[in-house]
Amino acid sequence: LGPFQSKETLGRAIRNCTRTVKEAHASLVILDHHLTREPRFREKLQQAFSAGAITGAELVGIAPLTDRLARWKADGEMDDVIARAGDGTLDYELLAPRWFEV
C-alpha cells in the first residue's frame, strides 16, 4: 500500500474489481493496473483472478513481470538478468512475446 491508500480502500477496490469481473459476463476481462506490478499481487487480487480476470501480459502470452522476477530469483538467475538489463539485451524479452516481430 502506498502512503495514500488504506487497507479499507484496498479492500473496497478489490471487492469492486471482483464484482465487476463477475457481473460483466464478458468473455475476457483484463486486469492491468499498478497493483499487478506489486509482489504477491495474485494473492491480493485472488478473488478477481478466480472470477476470470487475466493480466495484460497473460493476454499476449507472457507471464507478468513480477512472476518472471520471482522465477528468476528462485532459479538463481537474478545476477544474469541484472547484467542483461544493464546492457539492454533483456529488453525484447521483457516487452514482447516471442511471436511478435521486433
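Yes/no per residue for (1) modelled with pLDDT of 85 or more; (2) of a type in the set (K, R); (3) more than 19 Å from the chain's Cα centre (by Cα):
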| site | (1), (2), (3) |
| --- | --- |
| G11 | no, no, no |
| T55 | yes, no, no |
| R71 | yes, yes, no |
| G76 | yes, no, yes |
| E93 | no, no, no |
message: For the condition surrounded by 15 or more Cβ atoms within 10 Å (Cβ to Cβ) and either within 11 Å of the chain's Cα centre (by Cα) or closer than 26 Å to K7 by Cα (or both), what is the one hit in V81, V29?
response: V29
field: Tally of residues being within 15 Å of D32 (Cβ to Cβ) and either of a type in the set (K, R) or surrounded by 12 or more Cβ atoms within 10 Å (Cβ to Cβ) (or both) across region 61-78
entry: 6
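The values are calculated or read from the model by the stated rules, or taken from the named source; none is laboratory data. Since this is a predicted model, take the numbers as computed values, not measurements. Using ideal geometry, Cβ is built from the backbone for each residue, glycine included, and neighbour counts are taken over all protein chains shown.
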